[in-house]
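This report refers to the structure that appears directly beneath it.
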Amino acid sequence: MLNQLTLSQLTQKLASSEISARQIVESCLAQIGRVDGKIHAFLSYNAEDALAQADAADKALAAGATHAEKPLLGLPIGIKDVIAVKDQPLQCGSKILGNFISPYNATVIEKLKNAGAIVFGRLNMDEFAMGSSTENSAFGLTRNPWDITRIPGGSSGGSAAAVAADECIATLGSDTGGSIRQPAALCGCVGLKPTYGRVSRYGLVAFASSLDQIGPFTKDVRDAAILLSVISGQDTADSTSIPQAVPDYSATLTGDIKGLKLGLAKEYMIGGLDREVSAAMQAAVKQYEKLGAEIVEISLPHTDYAVATYYIIATAEASANLARFDGIRYCARVDGADPLELYSKTRGAGFGPEVKRRIILGTYVLSSGYYDAYYLRAQKVRTLIRQDFLNAFEKVDAVLTPTTPTAAFKAGEKTDDPLQMYLSDIFTISCNLAGICGISIPGGFTQSPKLPIGLQLLGKPFGEETILKLAHAYERSTVWHGERPGMLN
Amino acid sequence: MGELYSFAMPTDVDVKYVAHLARLELTPDEEEKFGAQIKNILGYIEKLKELDVTQIEPTAHAVPLVNVFRHDVCRPSISNEDAMRNAPAKANGLFVVPKIVE
């Protein structure tokens, strides 16, 4: 079953001609045929196109191409439906884009293709990446492979579920307030949000431009390092990408973390933390001590203000970014007597409830008379939250937290109470506000039902090497990442 | 009035007016539902006024980059055909829109 293997395992088998890229894609397609009717991770995929890309990779391998030059040669990578792939559909989980076909490739897609990857499929998501459960997709729920009555997390729920269900080897998602790390935690895979500016956002449909980053979902930490090395780097098409050299992230995975300092924030020991999540966290702390890391208590005093700050800044930016969906140059247009009526009707018919709610909130906090009280104040609190982390990182190399307060919740459980849904992002949101990096890794399971628990490591700006090293050392000393959902057996 | 006291109390949001600003048509049901939910969210957001931020600089985004320029030279762009590919209504390589001026 090639679809169950990792990028690094498949690379070895391809390099020794033991298998072909076509066999890998066929294995993924067969798995999609078996399980995606229940999971619904994919909105669409083009099997013929994927096989043609695989054949081209096999030809290149036969002609002597190596993975030293093209690290992802012959390996299929699934794409969240918010990243532009030329000539493929792009809907952002929304009805408003109609039958939009991308006229160009996002920079990360160009980088994947240059690295030889097979760019494959459109993965389900909360509409315009707004949500924590993938229930806000206009095209139906994605189910958690560990329990199909539960949500996979969000907004990149399809990207997480596809990896967890072995439908794809690795995928890309986007993270604005936890949309990679939270679904990775709830589905039991690895998800990494890079430092703001590490990865180009060109071709990523903007939700909140000062918070959005693209990142990988993988089956293990090594694969996350491999994929991050491919997609990182400055891009002239994104003026917020940073001119900083891209290391070979997998070179840092030595297993030796002796002397590294790991912070525990006392503000993260909150009341709403599930008992089993809390126990997994304590076990992880012990494990890290055993591996030679030094545990240091730290304080992030403005933690309690992060969710409120986020929902002002993110909705304000979203209300401006989503103004472009007006029915003039693209979109499923609803006609009106004048342009104003056309805009209002097109947007009223095309956007779903959560997107409308956030546009209203974002427009309100930016509107005349409220800007200073809400938006400007939130930007100032953002400074305090960022400063909390910069202060902490003078004492520690990374911060260890649970990724989410609970394991995956039931579909429908929080849909009527947006504020409760927002509060489930409490551990992931500060990372985006501060612009730092974070990774979620499997850290255990709840007992009954058996559901994954995620651990999060937060690192300094451009501290990806350190969090990957710490994540890898934990992973190889524990068994969690090797477990597979019961429905797959 | 000091900044500490300028925070608006969570009053009823005029959803109809804000939706007009956002060029977003809502049904009466949506107006009512969003009004109640947003009032609830704004009530939660009130906690930000506990902090004194008078001496704090705002953060627009977390990266210390300013004024990133590129050289002012021509470079390839997408073709007219590609740009028009997803147009809901088009003619002669242009987007068709409702009449704006009488």
Span from the the stretch A:164-217 Cα centroid across to the the stretch A:412-468 one, whole angstrom = 12 Å
inquiry  = Could you work out [θ]222 nm for chain A from helices alone, using -39500 (n - 2.57) per DSSP H run of at least four and dividing by all its residues? Round to the nearest 500 deg cm²/dmol.
reply    = -11000 deg cm²/dmol
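Which entries of B:16/B:47; A:70/A:460; A:113/A:414; A:290/A:395; A:258/A:380 show an alpha-carbon separation above 32 angstrom in the structure shown? Let's see the in-between values first.
On the way: B:16/B:47 26 Å; A:70/A:460 29 Å; A:113/A:414 39 Å; A:290/A:395 20 Å; A:258/A:380 37 Å.
Those over the limit are A:113/A:414; A:258/A:380.
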key: Cross-link pairs beyond the 25 Å C-alpha cut-off, checked among A:38/A:59; A:13/A:59; A:38/A:410; A:86/B:90   = A:38/A:59
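Mean separation of Cα pairs under 8 Å and 6+ residues apart, divided by the residue count of chain B: what relative contact order is that in percent?
Details: 41 pairs, mean separation 24.4, N = 102.
Over chain B, the number comes to 24 percent.
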ask   = With the solvent-accessible surface defined on protein heavy atoms using a 1.4 Å probe, which residues belonging to the stretch A:283-305 display a reduction of at least 50 Å² in accessible area in the multichain context relative to the isolated chain?
value = A:305
query = Which percent of the accessible heavy-atom area of the protein assembly as shown goes to carbon and sulfur, probe 1.4 angstrom?
reply = 51 percent
query = Using alpha-carbon pairs under 8 Å, 6+ residues apart, how would you state the relative contact order of the stretch A:231-360 in percent?
reply = 19 percent
request  = Roll a 1.4 Å probe over the protein chains and send me the accessible area per residue for chain A in Å².
outcome  = 32 Å²
key: residue A:63 versus residue B:51: modelled label distance in nm, points set 7 Å from Cα along the beta carbon direction   = 5.6 nm
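What number, in percent, do you get for the relative contact order of chain A if the mean sequence gap of Cα pairs under 8 Å and at least 6 apart is divided by its residue count?
Relative CO of chain A lands at 17 percent.
Under 11 Å from the Cβ of residue A:436, count the other residues' Cβ atoms, weight Lys and Arg +1, Asp and Glu -1, and hand me the total. Show your work: numbers first, answer last.
Values: positive: A:193, A:198, A:386, A:460; negative: A:388, A:464.
Local net charge: +2.
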Whole-Å distance, taken between Cα centres, linking the stretch A:349-385 and the stretch A:105-124 = 33 Å
inquiry  = Modelling each spin label as a point 7 Å along the Cα-to-Cβ direction, I'd like the residue A:416/residue B:65 distance in nm, to one decimal.
reply    = 4.6 nm
request  = Heads up, I need the accessible area for residue A:196: 1.4 angstrom probe, whole protein in place, Å², nearest 10.
outcome  = 10 Å²
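The values are calculated or read from the model by the stated rules, or taken from the named source; none is laboratory data. Owing to the predicted nature of the structure, the values given are computational and were not obtained by experimental measurement. Neighbour counts run over all protein chains shown; Cβ positions are idealised from the backbone, glycine included. Only protein heavy atoms, including side chains, enter the accessible area calculation; ligands, DNA and RNA are left aside. Shrake-Rupley method; radii C 1.70, N 1.55, O 1.52, S 1.80 Å.
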